[in-house]
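The values are calculated or read from the model by the stated rules, or taken from the named source; none is laboratory data. Here the structure is a predicted model, which means the values were calculated and not measured. Quick reminder, even Gly has a Cβ in these numbers, built from the backbone with ideal geometry, and neighbours come from all protein chains shown. Accessible surface areas use protein heavy atoms only, side chains included; no ligands, DNA or RNA. Shrake-Rupley method; radii C 1.70, N 1.55, O 1.52, S 1.80 Å.
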Amino acid sequence: METVHEPKDLETTGAGRGVWLVKVPKYLSETWKKGEGRPEVGKLRITKPKIAGGKPEVVFTLDDTLFQLQKRPGETPVPKDHKFVLTGIANQNLSILTETNHEKVSVEGKVIQRAECRPMADKNYMNLKRKQIEETNKPQREVIQLDKIHNAYKPVNNHRFNIEHDLKKKEEGKRARSDKDVVMEMLFSAFEKHQYYNIKDLVTITKQPVTYLKEILKEFCTYNTKQPHKNMWELKAEFRHYKDDSNT
């Protein structure tokens, strides 16, 4: 027979002791951990039922020292009073076992009552729930104003204009240079239709790399730096062959 671990002696001295199995809120168990080593974490007040067969009323009150300990600046105080909602265990047989340093295993007792610890709807509870809702609805990312330079700061995503710029460079890299005479023919044909063009339109018409196209334009065209045709290209005077509209 194979065993999953070494056989150990089971301490059963407390097997007959009745214990309660209580489900508590996470914030309450975390508060108890802050007072680790304290002999008590709170008190129970049990009121007998007023009618026969009824369930007793059980209220748990957090220890004053622990209650004050978790009331720190910036933290929302947890509720001090909680009500136990009692439920039966039906036909279940539940026991509590503990293991110390992986050596001693003990039966601490038998579960005779199950309960759920619920907070009283007081001011502290309402503030705690409000904070939980705010934290849940808080966006994962938000814009903040930096008061100093952060050299290690990097954008999370690539910006749209960076992507467009990279695509543009990639597209320009694919354009093969045509023969100069062919490009000149396309340019003269375009300037017969319009007198002024910007570089973007000329790139679209000729489908040439910007750097190569500008080299040709500087030889045959003039770049306007003043209004009304600022940043536009036009043929130099010696290359113009426009029709005289006054004679038509």
- [ ] Sort K131, K110 by accessible area with a 1.4 Å probe, largest first.
- [x] K110, K131
TODO: Round to the nearest 10 and report in Å² the accessible area of K148, as given by a 1.4 Å probe over the protein chains' heavy atoms.
DONE: 130 Å²
Open item on the list: Run the simple label-point estimate for C117 and K230 please: 7 Å along Cα→C-beta, distance reported in nm.
Closed with: 7.3 nm
TODO: Provide the per residue accessible area, probe 1.4 Å, for region 202-244, rounded to a whole number of square angstrom.
DONE: 67 Å²
TODO: Would you kindly state how much longer the chain becomes between D64 and I205 on full extension, computed as 0.36 nm times their sequence separation minus their alpha carbon distance, in nm to one decimal?
DONE: 42.5 nm
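Exactly which chymotrypsin sites (Phe, Trp or Tyr not before Pro) in region 210-243 are in a DSSP loop and have at most 10 other Cβ atoms within 10 Å? Present the calculation step by step, with values, prior to reporting the outcome.
Numbers: sites: Y212, F220, Y223, W233, F239, Y242; in loops: Y242.
Loop-located and lightly packed - Y242.
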Task: Two-site FRET efficiency, K34 against E164, from Cβ-Cβ distance with R₀ of 51 Å, rounded to 0.05 - done: 0.40
Task: Per-residue SASA entry for I144, accessible area with 1.4 Å probe, Å² rounded to 10 - done: 110 Å²
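Only loop residues by DSSP count here, and only those with at most 10 other Cβ atoms within 10 Å; note down the GluC sites (Glu not before Pro) in region 31-134 that meet that. Spell out each step's value before the answer.
Working: sites: E36, E40, E57, E75, E99, E103, E108, E116, E134; in loops: E36, E40, E75, E103.
Within region 31-134, the qualifying GluC sites (Glu not before Pro) (loop, at most 10 other Cβ atoms within 10 Å) are E36, E40, E75, E103.
Provide Rg over Rh for region 92-133; use the alpha carbon set for both Rg and the Kirkwood Rh (inverse mean inverse pair distance).
Details: Rg = 18.1 Å, Rh = 14.0 Å.
Reported Rg/Rh, Kirkwood definition of Rh: 1.30.
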